[in-house]
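Accompanying notes for the structure given below.
Bear in mind that the values in this text are calculations on the coordinates, not laboratory data. All values reported here derive from a predicted model rather than from experimental measurement. Here Cβ is always computed from backbone atoms with ideal geometry, including for glycine, and neighbour counts include all displayed protein chains.
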Amino acid sequence: MSKTPQAIRGTQDIFGAEAEAFAHVVATFERIRKLYRFRRAEMPVFEKTEVFSRSLGETTDVVSKEMYSFEDRGGESLTLRPEFTAGIARAFLTDGWQQHVPLKLATHGPLFRYERPQKGRYRQFHQIDAEWIGSAEPQADVELLTMADHLLKELGVADGVTLQLNTLGDGTSREAWRVALIEHFGAHRLELSEDSQERLERNPLRILDSKDPRDQAFVGDAPKIDAFLSAEAQDFFAEVTSGLDAAGVSWTRNQALVRGLDYYRHTAFEFVTDRLGAQGTVLGGGRYDGLMESLGGAPTPAVGWAAGIERLAMLVEMKAEDSADCIVVVEDDAMMAPAFAALRKIRGAGLSADLMASGSPRKRFDKAVKSGAHSILALSSRDGAPDYRIKADPAGTARLETALGDLLATRSGTGDA
RNA sequence: GCGAUCGUAGCUCAGUUGGUUAGAGCGCCGGUUUGUGGUACCGGAGGUCGGGGGUUCAAGACCCCUCGAUCGCCCCA
């Protein structure tokens, strides 16, 4: 006997009530996405590595140390998708989806990131995703955020979740702000945390949401993006916020909210909860007007968001799996054939049904009762003649008898559920 | 990549300062009781104590390494 191989670190096998919660999140997303007229898309789970390295930015953590990359047999570097947006952008460019612009897309599936697993964070994880490509208007941002808000409310997880909103301005606003931040924090370089001294080089915006008290001393009087916004960028953000107010979506401004990936411009947002430990972000996204160009396409404005299915599933009220509408108990193995016939009829009538026909015949009925089945059909023999009994409430008994028709004629008793 | 805690039957766990054949509950299998039924009782299967090395007369307990889990940091959904 050889040893059983272990599952890969950071992967999960989802089962039972957890799997039901997972499926519930996906089903709810599918329903809402149709309400908002987003079209389904499916992309490959792996792409040429450059799809991600060019669009996310070489210096981002995702690209520099978290990608699952490998060479295929032809020696080409491929990568398991760490996010959806880059792959969607590639498909948009290579498949001629420009003709559908403005294009509203929805997808969901597995993503891969080589990270240390912890609560609500896995190496293979799953997201739902919505993108609106080819619309430069703030109405796209408003609609997308309204849909996200709607989804969270439908899932019943909106309590304790707040929408934090910020703008990063257009390209020139963002760059001017970035320079000012480097200047501001650079003046205190040695007083910053080691992490932030590093951030100063790689991603100075990130210092703003540092948790280190040494950094927070300088965050308060750091330059604000508002001071660098062009008139157009200010107008854009104002239209987004007034649109949200009109749609009844509540939000709070968070000037320290930035995005980790290079392609974001203008609107940035996160729906945040305090119920998931260190993994507070439940849904996040923003506008990425610069992305298509980085992949060699024509400038194409776009907005999108993604949400972790595992994180949402953890917030959803755990629902137990449904118990069977009916369990058919075979108390005498001679009754196996009629049991199969009865099951087919019961299921044909739209009732979920299970068969209980193994183990000690005397204990089968008890096991059916214990399972919480709504009704039980017991098949046995009495003095050599077939016999059946139903245990259910009157309505359940009637439903069962209708389903069975004249299949079973001889019965000796009923009982209340 | 860094830190902390943890890893004993299918599941939840107990196992005293290292000391005989490693336990319980639940679940599973079989039987008895009950007999129209979610009861009670009896019995059974199932563990290389995550893996490897070391200390010791003796290790599930102590030390080292390794794998994994959990919770943080970094980063992110």
Projected label distance in nm at A:Y114 and A:T11, using a 7 Å step from Cα toward the beta-carbon: 1.6 nm
Helical contribution to [θ] at 222 nm, DSSP H n ≥ 4, -39,500 (n - 2.57), averaged over chain A, rounded to 500: -11500 deg cm²/dmol
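Looking at the stretch A:326-415, what % of its DSSP beta bridges pair antiparallel, to the nearest 5?
Details: 7 of 20 bridges.
Around 35 percent of the beta bridges assigned by DSSP in the stretch A:326-415 are antiparallel ones.
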Whole-Hz ³J(HN,Hα) from phi, Karplus 6.51 cos²θ - 1.76 cosθ + 1.60, for the stretch A:243-259, glycine and proline x: x, 5, 4, 5, 7, x, 9, 7, 8, 10, 7, 10, 5, 8, 6, 10, 10
For chain A, built as a Gaussian network whose Cα springs stay under 10 Å, the top-fluctuating residue of A:G296, A:G160, A:G359: A:G359
Given A:K48/A:K119; A:K119/A:K224; A:K363/A:K391; A:K34/A:K119; A:K104/A:K224, the pairs whose alpha carbons are separated by over 23 Å: A:K48/A:K119; A:K119/A:K224; A:K34/A:K119; A:K104/A:K224
Label zone at A:E50, where the point sits 7 Å out along the Cα-to-Cβ direction: the stretch A:261-291 residues whose backbone N lies under 18 Å: A:291
Computed label-point distance, nm, for sites A:S358 and A:R37 using a 7 Å Cα→Cβ extension: 5.2 nm
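Can you figure out the FRET efficiency of A:A19 with A:K65, using R₀ = 25 Å and their beta-carbon distance, to the nearest 0.05? Before the final figure, lay out each step's value.
Details: r = 31 Å, r/R0 = 1.25.
After rounding, the FRET efficiency stands at 0.20.
Kindly identify the stretch A:326-415 as rounded, prolate or oblate by the Cα gyration tensor criterion: order the square roots of the eigenvalues as a ≥ b ≥ c, call it rounded if a/c is under 1.5, otherwise compare a/b with b/c, prolate if a/b is larger, else oblate.
Working: a/c = 1.39, a/b = 1.15, b/c = 1.21.
Rounded is the answer for the stretch A:326-415, as its axis ratio a/c remains below 1.5.
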Stretchable slack from A:F340 to A:D366, in nm (0.36 nm times residue separation minus alpha-carbon distance): 7.3 nm
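Net charge near A:D13: determine it from the other residues with C-beta under 15 Å of the C-beta of A:D13, scoring Lys and Arg +1 and Asp and Glu -1.
Working: positive: A:R9, A:R123; negative: A:E18, A:E20, A:E310.
Cβ neighbours under 15 Å give a net charge of -1.
Need one number: % antiparallel among DSSP beta bridges in chain A, to the nearest 5. Write down the numbers at each step before the final one.
Details: 50 of 67 bridges.
Counting only bridges with both partners in chain A, antiparallel ones make up about 75 percent.
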Proximal charge balance of A:L291 [Cβ under 11 Å; K/R count +1, D/E count -1]: 0
Max mean-square fluctuation residue, GNM over chain A, Cα-Cα springs under 10 Å, options A:T94, A:T59, A:T107: A:T94
Net +/- balance of residues flanking A:R37 in space, Cβ distance below 10 Å, scoring K and R +1, D and E -1: +3
Rounded to whole Hz, the Karplus (6.51, -1.76, 1.60) HN-Hα couplings of the stretch A:267-274, x for glycine and proline: 5, 10, 8, 8, 8, 10, 10, 9
Label point distance in nm, A:E175-A:D393, each placed 7 Å from Cα along Cα→Cβ: 7.0 nm
Gaussian network model of chain A, springs between alpha carbon atoms under 10 Å - residue of A:D332, A:D159, A:D149 with greatest fluctuation: A:D332
Kirkwood Rh, angstrom, chain A [1 / mean 1/r, Cα pairs]: 25.2 Å
Rounded Å value of the spacing that divides the Cα centres of the stretch A:8-75 and the stretch A:82-149: 9 Å
